[in-house]
């Protein structure tokens, strides 16, 4: 085979490889709009983590979980995130029993993709749409 034929094949193979690399990059990297939705969902999760910590602190101070969001919000010295960062529905807190509560938010994305790439703890996994996280607080005597 001539040197020109090898050069043509090498050029063609390089072009195919480059096209495949670009396609793979586009598949892995989300669009700017999708990245914005992911950041908003991460902000929502951070807000829910803050609310969870506040509920745990309230339980330590009062030996009971707060009965509702209003009582939790009234805790002195706390500036709790109560509102969705994108103007969606406010976060919800619901007391289930003496040791369990739920925190709810409306999510824009399914966290399955983030979990696949190792970016999210399993206990904060969520689908797109309304989702509630059930949280448990054990008694000190247990």
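The set of residues in the stretch 69-97 that are under 16 Å from residue 135 (Cα atoms) and exposed (fewer than 12 other Cβ atoms within 10 Å of the Cβ) contains only 97. Test residue 44 against the criterion of being at pLDDT 95 or above, under 24 Å from the mean Cα position of the chain (by Cα) and surrounded by fewer than 17 Cβ atoms within 10 Å (Cβ to Cβ), and give yes or no. Judged against the criteria, residue 44 is not a match.
Listed by first and then second residue, the pairs with beta-carbon distance under 7 Å, at least 6 apart or on different chains, first residue in the stretch 45-69 and without any contact (Cβ under 8 Å) to a residue 24 or more places away in the chain, second buried (at least 19 other Cβ atoms within 10 Å of the Cβ), are 58/65; 58/66; 58/72.
For residue 36, state whether it is touching a strand residue (DSSP E or B) at 6+ places or on another chain (Cβ under 8 Å) and surrounded by 10 or more Cβ atoms within 10 Å (Cβ to Cβ). No, not satisfied.
Which one is nearest to residue 46 (Cα to Cα), of the residues in the stretch 96-105 that are in a strand (DSSP E or B) and out of contact with any helix residue (DSSP H, G or I) (no Cβ under 8 Å at 6 or more places or on another chain)? Checking each candidate, the answer is 104.
The values are calculated or read from the model by the stated rules, or taken from the named source; none is laboratory data. Owing to the predicted nature of the structure, the values given are computational and were not obtained by experimental measurement. Here Cβ is always computed from backbone atoms with ideal geometry, including for glycine, and neighbour counts include all displayed protein chains.
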